[in-house]
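Engineer: Shown below is the structure under consideration.
The values are calculated or read from the model by the stated rules, or taken from the named source; none is laboratory data. Keep in mind that this is a model prediction, so the values were computed, not measured. Because the Cβ atoms are built from the backbone with ideal geometry, glycine has one as well, and the counts that use them run over all protein chains shown.
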Amino acid sequence: MQDSQGKTVLLLTEKTEDIYTWKIINSDVPAIIFFSLSNKQIGSFLLDFLAVDFNNIEHFNNFINIYGLSSLVGLSKTTKDIFANKSEGKWIKGFEKIYEMDSKDKYSRIMERIYNESNTELKILQDIFKRAIYLCFDVNGPEWSKGLTVFQRFAVIETMMSKTAREIRDEAKHTTYDFQVVPDTDSVSRTFPAVYYIDEIYAEVYANQIRDINYHKVEKCTCDSPGGICYASFKKLLENNALIKKCQHCGDYFIPSKRIDEEYCDKVVKTLPGGITRTCKDVGPMLKYSKKDKDPLIIEYRRAYKNRHSKLKKGLTKEEFYYWKEEATLMMKGVRQGKYSIEEFKEWCKKDKGES
Ligand SMILES: [Zn+2]
């Protein structure tokens, strides 16, 4: 990966994306290290990027802590300088640690400068790709998108919304496309040969070492801007005919992992004492339920429903019961729409009960 120093590299298969990036670690002596996020679901970077609140420097820092500094090279002069080795700081020989800052204080100043330089553009990028996702992949996208494949949806965008299509395609300039052959993961875990000398005369030695390892081809995208990474991801989601939903708890986009009717994402939203984590999937349905539980209208309805239901054994016919249920549903809708008050609904339930 040395050829891509200071750039972010994506290796894409049909279903997964591996991200190789350069990231600052804020330890006692902050430094930049080379680092990889492997085997993430396709679109992970893009959806994580869209979920960041770039008005908040803390959120910005968290995002950069995960995805590295190199994703910003095209947007921030400071970042570019760091990788061009023009900025102050010490480069440390070796592959792992490439740049060292003298203090934590300096780290904060640099991060703040980078934030100020890239913030506006990051927000513009977010808007472009939020809109792109909504138009192309969102299960609850615009009315015209119902029943269309993602290719058909993209055709509508290209033909009828050329500005949007251009904005998406513009980000391609931040990505260089290539391919790479990589060993299958199960092969690597067996034994992967160490390379001691790189020279043609050792080709045969190396060839013998990898004879039993299976290789496959992956797409390689080298990017210098988050826009480039988003574009590469977007393109792959398009090829995959992806469907994307908004999480009912946090409101961020996610790709349903098992079933299309999933309502909540797998983002960790709570950490309990002892390090136990809770995701939107854990928390969302419970909150929804407890919200329902506290809803005075629902409480009133349940009370009346129970009452009615108990009358089934005392002469109330099933037809009458279902008729009542339908009427009650309409009444509730009326309350929600502001046609009746809850008090009126209560009165209606009592009156109706009295008549039976
Ligand atoms: Zn969520």
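Engineer: For region 261-313, what are the residues that are part of a loop (DSSP other than H, G, I, E, B) and within 16 Å of the ligand (Cβ to nearest atom)?
Structural biologist: Of everything in region 261-313, those that are part of a loop (DSSP other than H, G, I, E, B) and within 16 Å of the ligand (Cβ to nearest atom) turn out to be ASP261, GLU262, GLU263, TYR264, CYS265, ASP266, LYS267.
Engineer: Next question. Hey, could you check region 210-256 for residues that are of a type in the set (Lys, Arg) and out of contact with any Pro (no Cβ under 8 Å at 6 or more places or on another chain) and say which is nearest to TYR67 (Cα to Cα)?
Structural biologist: Start the filter on region 210-256 by keeping residues that are of a type in the set (Lys, Arg), which leaves 211, 217, 220, 235-236, 245-246.
Narrowing further to those that are out of contact with any Pro (no Cβ under 8 Å at 6 or more places or on another chain): 211, 217, 220, 235-236, 246.
Details: ARG211: 34, LYS217: 24, LYS220: 17, LYS235: 20, LYS236: 19, LYS246: 22 Å.
So the residue we want is LYS220.
Engineer: Being aromatic (Phe, Trp, Tyr) and within 16 Å of the ligand (Cβ to nearest atom): is that true of PHE254 here?
Structural biologist: In short, yes.
Engineer: Same structure, new question: Would you mention how many residues in region 58-72 are out of contact with any strand residue (DSSP E or B) (no Cβ under 8 Å at 6 or more places or on another chain) and surrounded by 15 or more Cβ atoms within 10 Å (Cβ to Cβ)?
Structural biologist: Residues flagged as out of contact with any strand residue (DSSP E or B) (no Cβ under 8 Å at 6 or more places or on another chain) and surrounded by 15 or more Cβ atoms within 10 Å (Cβ to Cβ) within region 58-72 amount to 4.
Engineer: Follow-up question, since we're still on this one. Can you tell me which of (1) under 18 Å from VAL73 (Cα atoms); (2) at pLDDT below 90; (3) among the hydrophobic types (A, V, I, L, M, F, W, C) is the one CYS223 doesn't meet?
Structural biologist: Here CYS223 meets the rest and fails (2).
Engineer: Would you be able to say whether some residue in region 188-201 is touching a residue at least 24 places away in the same chain (Cβ under 8 Å) and away from the ligand (no atom under 16 Å from the Cβ)?
Structural biologist: Yes: region 188-201 contains one or more residues that are touching a residue at least 24 places away in the same chain (Cβ under 8 Å) and away from the ligand (no atom under 16 Å from the Cβ).
Engineer: Oh, and also: Confirm whether ILE342 is of a type in the set (Val, Ile, Thr) and under 37 Å from the mean Cα position of the chain (by Cα).
Structural biologist: no
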